[in-house]
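To start, the structure under review is shown below, and the notes come after it.
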Amino acid sequence: MTSLTYRTLDGNGAALSAEALDTLAAGVRGGVIGLDDAAYEQARRIWNAMPDRHPVLIARCLGSRDVRHAVDFARQQRMPVSVRGGGHHIAGNAVADGGLMIDLSAMREVRVDADSRTARVAPGALLGDVDHETQAFGLALPTGINSTTGIAGLTLGGGFGWLTRQYGLTADNLLSADVVTADGALHTVSVDREPDLFWAIRGGGGNFGVVTSFEFRLHPVGPSVYAGLVAYPFDQARQVLTAWRDFCAEAPRELSVWSVLRQAPPLPFLPEASHGQPVVIFALLHAGDPTEGERLAQRVLAFGEVLGSHLGVQPFSAFQAAFDPLLTPGARNYWKTQNFARISDGLIEALIEATGELPGPECEVFVAQLGGAAADIAEGDTAYVGRNANFIMNAHGRWRETADDDRVRDWARRVFKATEPFATGGGYINFMTEDEGQRTAGIYGRNFTRLQQIKQIYDPDNLFRINQNIPPLALAKTA
């Protein structure tokens with residue numbers, strides 16, 4: 001490689017010699033991609049097309065040794081570093097503009113121990129990879145709802161989905177992890193080994209190092225579950241959302257029912273005349289006896305006069321990927337998130353108004369039902385906060401043309417403001433966009449100071465800062 005210039009952690013320009021570049025390349029088995037390489041454009045692309053950033057180097061790591069080498073290099077050069085797992089974070093934190101991207105996407109191994117009901121998962125694995133291996137044994141890990149999401153970022157920010165009410169967050173099921181910290185050291189952490197660092201990575205995001213291996217607890221689920229969708233016309237929104245709220249208050253933990261307000265996609269079970277029209281869709285999954293799942297689904301079908309439904313026993317892994325067609329990579333995305341303890345009448349009115357102002361056919365507001373096992377853990381037992389949130393909203397702006405940027409972002413911000421009076425004041429860190437850094441301290445609440453103290457120990461120079469950043473305590477005091 002020839003020499004190049006980059007932006008330092010201090011924001012100044014600096015040059016890398018050809019010798020330094022060769023040293024980096026020699027220690028990364030997957031190779032190092034530079035600005036002029038043919039693979040560069042594809043390698044820097046992530047799920048959200050909005051962040052348009054250009055790392056000067058991309059280190060394609062294949063193991064912990066590669067990661068340690070890349071971290072050492074970035075620290076010695078004082079080069080901004082980002083970490084790419086699945087590349088799915090809404091804020092685009094996988095890409096270090098003017099710095100080094102540590103790319104873990106080739107590290108996708110998932111190894112299941114059926115006897116102990118555990119899995120060892122590499123950091124580049126996607127949720128679909130995890131489901132593929134675990135479901136072969138009738139086991140599952142509580143994860144998210146899009147099979148192309150990366151397991152690493154999901155776990156480090158908390159991780160919720162269809163199984164959360166029954167088995168907790170993804171982070172709640174983490175048993176141990178291998179973490180490369182800013183000094184290049186490799187730590188194996190658990191409740192018994194370096195418990196402070198283990199506490200911090202369960203919700204603290206990528207602030208504390210690069211996780212190169214996760215060990216998870218698994219649960220008996222599937223391979224088939226009762227799941228599906230129930231759609232109602234938008235003119236029944238107030239009635240069906242109220243009925244949903246009341247039903248959620250008594251629903252068993254095995255059942256999760258989420259509301260989605262959007263324009264109807266061209267689903268085969270919906271009348272053609274409804275396509276493109278606002279609708280209320282309830283997505284549900286019951287992880288227990290399918291007969292009981294069917295009985296409970298009848299309650300959802302009685303919320304109003306059904307527009308269309310698609311319910312039945314189906315493979316768990318298939319439902320995990322059911323929303324993939326609506327979440328393909330390459331679109332422009334902007335989100336705003338709120339936590340709610342309850343669904344009030346005022347919140348229902350705000351959601352209805354937001355749906356009436358949808359700025360495009362791919363935009364939506366969904367509200368996920370949580371509570372259950374996620375609320376069994378005390379707020380201070382992990383870095384993740386929001387245990388009091390029985391519902392999480394995402395105002396999901398999604399569109400294609402740059403000319404629509406302001407219009408869609410303004411809509412998402414209006415939804416956030418309109419729902420704020422009914423919110424807990426918290427939020428889900430994995431749903432926060434790049435312009436919401438000022439919310440970080442408030443979201444972590446009483447856990448924030450402890451996170452800063454742990455950051456001071458493991459990353460005192462804030463090398464890992466391309467994230468929803470938690471500054472080391474000493475740096476925060478001098479800022």
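The values are calculated or read from the model by the stated rules, or taken from the named source; none is laboratory data. Not measured: the values here are computed from a predicted model. Note that each Cβ is placed from the backbone with ideal geometry, even for glycine, and that neighbours are counted across all protein chains shown.
Quick look at the numbers
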item: Members of region 226-241 that are in contact with a strand residue (DSSP E or B) (Cβ under 6 Å, 6 or more places away or on another chain) and in a helix (DSSP H, G or I); result: Phe234, Ala237, Val240
item: Filter result for the condition that a residue is within 30 Å of Phe269 (Cα to Cα) and at pLDDT below 95, over Gly228, Gly222, Gly161; result: Gly222
item: Some residue of region 4-14 being over 29 Å from Thr148 (Cα atoms) and in contact with a Ser or Thr (Cβ under 7 Å, 6 or more places away or on another chain); result: yes
item: Subset tally (residues that are touching a residue at least 40 places away in the same chain (Cβ under 8 Å) and outside any strand (DSSP E or B)) for region 242-263; result: 10
item: Which numbered condition Arg409 fails, given (1) surrounded by fewer than 22 Cβ atoms within 10 Å (Cβ to Cβ); (2) touching a Leu at 6+ places or on another chain (Cβ under 7 Å); result: (2)
item: Residues of region 412-430 that turn out to be within 17 Å of Asn207 (Cβ to Cβ) and either surrounded by fewer than 22 Cβ atoms within 10 Å (Cβ to Cβ) or not hydrophobic (A, V, I, L, M, F, W, C) (or both), as a count; result: 3
item: Test set (1) of a type in the set (A, V, I, L, M, F, W, C); (2) surrounded by 17 or more Cβ atoms within 10 Å (Cβ to Cβ); (3) more than 22 Å from Ile151 (Cβ to Cβ); (4) in contact (Cβ under 8 Å) with a residue 40 or more places away in the chain - Val32 fails condition number; result: (4)
item: Residue in region 333-352 that is in the same structural domain as Trp399 (by TED's automatic domain parsing), surrounded by fewer than 20 Cβ atoms within 10 Å (Cβ to Cβ) and assigned to a strand (DSSP E or B) present; result: no
item: Members of region 370-387 that are outside any helix (DSSP H, G or I), crowded, with 17+ Cβ neighbours inside 10 Å and in contact (Cβ under 8 Å) with a residue 40 or more places away in the chain; result: Leu370, Gly371, Thr382, Ala383, Tyr384, Val385, Gly386
item: Conditions (1) closer than 29 Å to Pro142 by Cα; (2) in contact with a Gly (Cβ under 8 Å, 6 or more places away or on another chain): number failed by Pro278; result: (1)
item: Residue among Leu270, Leu284, Leu296 that is in a loop (DSSP other than H, G, I, E, B) and in contact (Cβ under 8 Å) with a residue 24 or more places away in the chain; result: Leu270
item: Answer from Thr242, Thr212 - the residue that is more than 18 Å from the chain's Cα centre (by Cα), more than 26 Å from Val313 (Cβ to Cβ) and of a type in the set (Val, Ile, Thr); result: Thr242
item: Residue match in region 156-170 (condition: at negative phi, in contact with a Pro (Cβ under 9 Å, 6 or more places away or on another chain), of a type in the set (Lys, Arg) and not assigned by TED's automatic domain parsing to the domain that holds Arg60); result: yes
item: Residue within region 310-317 that is in a helix (DSSP H, G or I) and modelled with pLDDT of 95 or more present; result: yes
item: Some residue of region 116-138 being within 30 Å of Gln369 (Cβ to Cβ), surrounded by fewer than 24 Cβ atoms within 10 Å (Cβ to Cβ), of a type in the set (Lys, Arg) and in contact (Cβ under 8 Å) with a residue 12 or more places away in the chain; result: yes
item: Cross-chain or 6+ apart pairs with Cβ under 6 Å, region 57-70 first and under 13 Å from Pro123 (Cα atoms), then at pLDDT 95 or above and in a helix (DSSP H, G or I); result: Cys61/Val67
item: Scope region 26-56; condition among the small types (Gly, Ala, Ser) and more than 18 Å from Met107 (Cβ to Cβ); matching residues; result: Ala26, Gly34, Ala38, Ala49
item: Test: residue in region 413-426 that is more than 25 Å from Tyr334 (Cα to Cα), β-branched (Val, Ile, Thr) and out of contact with any Cys (no Cβ under 9 Å at 6 or more places or on another chain); result: no
item: Wholly within region 1-85, strands (runs of 3 or more DSSP E) carrying at least 3 residues that are in contact with a Gly (Cβ under 6 Å, 6 or more places away or on another chain) and aromatic (Phe, Trp, Tyr); result: none
item: Among the residues listed as Glu254, Glu250, Glu272, Glu294, the single one being among the acidic types (Asp, Glu) and surrounded by 19 or more Cβ atoms within 10 Å (Cβ to Cβ); result: Glu254
